[in-house]
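For reference, the structure discussed in these notes is given below.
What follows is calculated from the coordinates using simple rules that are stated; it is not laboratory data. No experiment lies behind these values; they were computed from the predicted model shown. Here Cβ is always computed from backbone atoms with ideal geometry, including for glycine, and neighbour counts include all displayed protein chains.
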């Protein structure tokens, strides 16, 4: 990949307002996007999230009025709801450490120092609301990662905060799973009638955004 190829893809991307409901993402492309999402980095590597892929048309229609009636949630090919854990327990940290040990072929006891650091930072010093807020912030990393991956595959998307999380939680049964909806992102292909597709991207110049020290 060249520098020009990367920047061209990022310039091509925009927050798609109208999707062509007749165009669907191939299974191979979607599997790649899911893998990109799975590979997203997170604090301590804990991955305090769940990615809900909503394909059921009836459920999407239920979500529409709680999405400020933005048609992207029903017209897109694939709809992803990024949900954060509402709390993080010591047991979950231990599960992650066991998975780490199994993956890397090392004794779990060798990760004791790492365990102490994580429990000290998360379970000992954060209240459940603070843990939830921390987990929500991790979801934004995942959003940026999959948006970039989608742009490289010329797949459109539209990151959305304009929805009612408690209603999403209710419809998708997230509360019962200890989760809450944080972000919504429809994926698919832009409609030829989307007037926003050809608008120039508005970004400040480097000198207004960067400070070299």
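Points to keep in mind about this one:
- Sole exception among (1) within 28 Å of residue 192 (Cβ to Cβ); (2) under 16 Å from the mean Cα position of the chain (by Cα); (3) touching a residue at least 40 places away in the same chain (Cβ under 8 Å) for residue 46, by number: (1)
- Residue in segment 144-161 that is surrounded by 15 or more Cβ atoms within 10 Å (Cβ to Cβ) and within 27 Å of residue 90 (Cβ to Cβ) present: no
- Residue in segment 31-40 that is surrounded by fewer than 18 Cβ atoms within 10 Å (Cβ to Cβ) and in contact with a helix residue (DSSP H, G or I) (Cβ under 7 Å, 6 or more places away or on another chain) present: no
- Number of positions in segment 169-188 that are part of a loop (DSSP other than H, G, I, E, B) and closer than 14 Å to residue 59 by Cα: 2
- Residue 98 being part of a helix (DSSP H, G or I), out of contact with any strand residue (DSSP E or B) (no Cβ under 8 Å at 6 or more places or on another chain) and touching a residue at least 60 places away in the same chain (Cβ under 8 Å): no
- From 108, 90, 80, residue being buried (at least 20 other Cβ atoms within 10 Å of the Cβ) and in contact with a helix residue (DSSP H, G or I) (Cβ under 8 Å, 6 or more places away or on another chain): 80
- Given (1) within 25 Å of residue 36 (Cβ to Cβ); (2) part of a helix (DSSP H, G or I); (3) without any contact (Cβ under 8 Å) to a residue 60 or more places away in the chain, index of the condition residue 88 fails: (2)
- Qualifying residue in segment 118-132 (condition: touching a residue at least 24 places away in the same chain (Cβ under 8 Å) and within 29 Å of residue 197 (Cα to Cα)): no
- The number of residues in segment 161-187 being in contact with a helix residue (DSSP H, G or I) (Cβ under 9 Å, 6 or more places away or on another chain) and closer than 19 Å to residue 144 by Cβ comes to 9.
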